[in-house]
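In what follows, a single structure is set out as structure tokens and then discussed.
The values are calculated or read from the model by the stated rules, or taken from the named source; none is laboratory data. What you are looking at is a predicted structure, and each value in this text was computed from that prediction instead of being measured. Neighbour counts run over all protein chains shown; Cβ positions are idealised from the backbone, glycine included.
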Amino acid sequence: MSLASFNKLMTHTLTLKKRKRNSAGDFSVIETTENLKGFVEYGNHLITTEQDEELKAVAIVYFNDSLVIDIDYPYWMIDQTAPQNRAGLEVLKINPIDDPQTGITHHYEIYVRWIIMWNQWNGDNINTLVENACVRAVDKTGHVILTAAKQQVPLDEGFLLRSGIVIIKHKKIPIAIISFGGGPGTGHPKIPYALRWHETQANFQHGRKWKYLKDPYSRLGARTLILALQDEIGGILWLQNRF
């Protein structure tokens, strides 16, 4: 990609902060560069640092070759200020990407994770982020189980298969209701044999079986939820302990 085309993609406004760390482990900002143009691509990535430490990044921040940064300095932080305001992205790794023809730096790819300093703790905001992450994790888990159940549900004319849905109930604790058989609130007409085919063993064809919902739930439920919670909550923040 030409540098001109790359620059057109730099639609986010960012602030780069250089920090120092004192003997007590506390950070302070010593240099700030505002209104930098870049692009933040959110998504989880496993990376290995120069110290051979495996870490989870929540985004890659792209800058063009005009960025002035010491790639060996360890304490950088980035704030996104537009189009969204997302502060507190700790730099984990800086990769200068060279043009293969010229060998000159074309752009920078910077891996980051969320960081919230204890003295900047916003309890209400964090509670909301974690609450929403739990809802997403429960929803993901419900759909993983539903997908597996649809591979096992007995086939009639497809009515029972198509009636499978996930409904999320969320008051204080998110709950995923995985439903087959239709009825009120599901958007599907009631299928009277759904329960009977689930509870009664029979000679179903094409690998289909009874307990078509219970078995996938027992096999996948707990582990899928744990992994989904780790993914969702781990992507929100990394709390930096003082030590």
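Numbers below:
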quantity: Filter result (in contact (Cβ under 8 Å) with a residue 24 or more places away in the chain, of a type outside the set (Ser, Thr, Tyr) and either farther than 15 Å from Phe39 by Cα or not assigned by TED's automatic domain parsing to the domain that holds Leu67 (or both)) within the stretch 100-111; calculated: Ile104
quantity: Filter result (without any contact (Cβ under 8 Å) to a residue 60 or more places away in the chain and surrounded by 13 or more Cβ atoms within 10 Å (Cβ to Cβ)) within the stretch 123-145; calculated: Glu131, Asn132, Val135, Asp139, Gly142, His143
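Residue by residue, here is whether (1) touching a residue at least 60 places away in the same chain (Cβ under 8 Å); (2) under 30 Å from Glu232 (Cβ atoms); (3) in contact with a Pro (Cβ under 8 Å, 6 or more places away or on another chain) holds:
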{"site": "Thr15", "(1), (2), (3)": "yes, yes, no"}
{"site": "Ser23", "(1), (2), (3)": "no, no, no"}
{"site": "Glu34", "(1), (2), (3)": "no, no, no"}
{"site": "Leu55", "(1), (2), (3)": "no, yes, no"}
{"site": "Asp70", "(1), (2), (3)": "no, no, no"}
{"site": "Met77", "(1), (2), (3)": "yes, yes, no"}
{"site": "Arg86", "(1), (2), (3)": "no, yes, no"}
{"site": "Val91", "(1), (2), (3)": "no, yes, no"}
{"site": "Asp98", "(1), (2), (3)": "no, no, no"}
